[in-house]
Every structure is written in structure tokens, then in C-alpha cells.
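What follows is a set of notes on a single structure, which appears directly below.
The values are calculated or read from the model by the stated rules, or taken from the named source; none is laboratory data. Just so it is clear, the model here is predicted, and its values are computed rather than measured. Here the Cβ positions follow ideal geometry from the backbone for every residue, glycine too, while neighbour counts run over all protein chains shown.
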Amino acid sequence: MAVAPKAIHAATASLDPRGQTVDHINALMKKMLGMAGCDHCGRLAFLRVDFLSDPPPDLAAGHVISFRTE
């Protein structure tokens, strides 16, 4: 019997960059894909990965931990 997909169409997660491991990211992806159905039928259509970068020194002095411009 096929498992009907749930009503979730998109999910976004903001991650704490401290202590991240590849295993942590893989487990998170599996969990998020499972939210769209089961662990085997979640179908990923779009994946965007944004990487954090160190802030300029003057902003780092003000306790900014990441900085991004577009």
C-alpha cells in the first residue's frame, strides 16, 4: 500500500553553524524529506544551500558572527 504524501510543500531550516557535522546534516535532510511522506518517498525538487561567511573585522568587533550580502 502506497503512503499518501502529507500536505507539506516546502520546509526551511536555519541551522546553528556551531558543531555541525556531515552526519548531523544528513540526519536533518532525511527528517525533512520524511515530512513530505515517508523516508523513501519524499521527493526533493529544489535545494538551496547558503553558506555563512565571517563578517568584516569592524562588524566582528560588534559581535556579528556571520555576514551576507546579495
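A few points about this structure:
- Filtered residues of the range 36-52 (kept if among the small types (Gly, Ala, Ser) and either modelled with pLDDT of 85 or more or loosely packed, with under 10 Cβ neighbours inside 10 Å (or both)): ALA45
- Against the conditions (1) surrounded by 10 or more Cβ atoms within 10 Å (Cβ to Cβ); (2) at pLDDT 75 or above; (3) not hydrophobic (A, V, I, L, M, F, W, C), PRO5 satisfies every one except (2).
- Taking the range 16-35 as the range and being of a type outside the set (D, E, K, R), modelled with pLDDT under 85 and assigned to a loop (DSSP other than H, G, I, E, B) as the test, the residues that pass are PRO17, MET35.
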